[in-house]
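Encoded as C-alpha cells, the structure appears first; notes follow it.
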Amino acid sequence: MWGFLFLWACSDYSLGYEKVIIEYVYLEDTSNPVEVIVEVPVEDTAADDIWVDSFTQPSSSSGVDIVWVVDRSGSMSNNQTKLELGFQAMLTDLNASWDAMWRVAIISADSNYAANEQQFPLLFGDTEIDAITMLQNTGGHREEGFKAFYSYYTGSYAQNWMRHEASLLVIFVSDEDDQSTNMFSQASDFVQWYSGIRNTVFLASIVVSTTDCEPDIGDRYMEATNLLNGIVVDICSDDWTPSVQDALQQIQPYSEWELTNVPYYGEQGIFVFIDGQPSSDWHYDSSRNVVVFDVTPNGDALVEIAYEY
C-alpha cells in the first residue's frame, strides 16, 4: 500500500521552488517488511495551497538555566516595582510547571561586578522575595549586558551550577542600550558567541523600544533578541508580566501546535514529520485547530506539519 503528499523541495517551503511528491512505499515481505520514502519531482499543480508549519523542539528535557542581566544604574530605580512583579510572575510559573528542573541567577549588567558574582542560584521553591534579595546584593552602574553575561558565564562560579545539557535563557533588563562594543562590536557578534555555548539558547530583552520612552532605545539588545526570535518587552509598559510569561513559554517543549491555517481535509489531510520521518504519534483537535502530540517530540527535533488549506 502507499500514499502520497505534495510538498516543496526546500527547507522553507517558499513559493517558486520545485515541488515533489513524497511517496511512502511499503514493500511487504513476510520475513522483513521495509518502508521506503521516495521523492518524485512534479510540475506545478493546484498544490500551491500546501502549507507547512515547522518548529525546532526546545531541548529542555534536562532543565533550563535562566540568567537575568539587570542594569543597576540609578535611572532604573523607576522600574523597581515592575521588575519585582516580573520576578514574581517568572518564579510562580517555574514553580508550577517545571518542578525542580530550573535554576535562576540575577547578575549586574556591569561586567566588573558580574565577573565576581558568587550568589547561589534560585531553585525550586524560591520566591520573588529571594529574587529581590539576590538583586539587592548586586551592584554596579555600567550598562554593558553582553559583556556582563560573557564575564559571568566564562567565570569559575557560573560553571559550578550552570548545566551544559540544559536550555539557556538570558533576559536583559536596561533603560540604556548595550555598551559592550569593545568586546562585541556588533550585536550579531554576541549572538554568534551565545548561540555556540549551548544546544538550545533563548533571549529576551526588557528595554526601551520606542522614542516615546526615555532615556535610550535598546537597539543592540533588540537586534540580538530578534536574531534569535526572542521576546522584546517595552520597559515603559505598565506591566511586564505577560511578556515575562511569553519568554518562559518559548523554552517549554511543545506538546501541541496551533496551525497557521485550517486544514482543508481535516485530520486526514495532515502529515507530521519529525526530523524528516513521518510520525503517527499525534491527533488533531479541530475545535482549536491544534495538532496535539501524543508523544512529545525530543529536544532539538525538527517538527514539520504539512497540510492543504
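None of the figures in this text is laboratory data; all of them are computed from the coordinates on show. The shown structure was predicted, so the numbers you read here are calculated from the model rather than taken from an experiment. For neighbour counting, all protein chains shown are included, and Cβ atoms are generated from backbone atoms with ideal geometry for every residue, glycine included.
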**Prompt:** Exposure proxy check: 51, 282, 240 ranked by fewest other beta carbons within 10 Å?
**Reply:** 51, 282, 240
**Asked** If you put +1 on each Lys and Arg Cβ and -1 on each Asp and Glu Cβ, how big is the dipole of segment 205-309 around its Cα centre, in Debye rounded to 20?
**Response** 240 debye
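Using alpha-carbon pairs under 8 Å, 6+ residues apart, how would you state the relative contact order of segment 229-309 in percent?
32 percent
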**Request:** List, largest first, the extents of the alpha carbons of segment 64-249 along their principal axes, each in whole Å.
**Result:** 40, 33, 30
**Message:** What's the magnitude of the charge dipole for segment 142-208 around its Cα centre, counting Lys and Arg as +1 and Asp and Glu as -1 at the beta-carbon? Answer in Debye, nearest 20.
**Reply:** 360 debye
**Request:** For segment 271-309 and segment 59-98, write down the distance between their C-alpha centroids in whole Å.
**Result:** 32 Å
**Prompt:** When the dipole is taken about the Cα centre of segment 64-249, and only Lys, Arg (+1) and Asp, Glu (-1) are charged at their Cβ, what size is it in debye, to the nearest 20?
**Reply:** 680 debye
**Asked** Using modelled amide H (1.01 Å from N, peptide plane; none on Pro or chain starts), what sits under 5 Å from the amide H of residue 68, excluding residues fewer than 5 places away?
**Response** 105, 106, 107, 171
**Fill in**
Karplus ³J(HN,Hα) for segment 247-258 (6.51 cos²θ - 1.76 cosθ + 1.60, θ = phi - 60°; Hz, whole; x = Gly/Pro) runs 4, 6, 4, 5, 9, 6, x, 7, 9, 7, 9, 6
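Could you tell me the relative contact order of segment 64-249? Use alpha-carbon pairs under 8 Å, at least six residues apart, and round to a whole percent. Show your work: numbers first, answer last.
Working: 368 pairs, mean separation 44.8, N = 186.
The value is 24 percent.
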**Asked** Residue-wise, which Karplus ³J(HN,Hα) couplings in Hz belong to segment 165-171, taking 6.51 cos²θ - 1.76 cosθ + 1.60, θ = phi - 60°, and x for glycine or proline?
**Response** 8, 8, 5, 10, 10, 10, 10
**Item:** Residue exposure sequence - 132, 171 - by fewest surrounding Cβ within 10 Å
**Value:** 132, 171
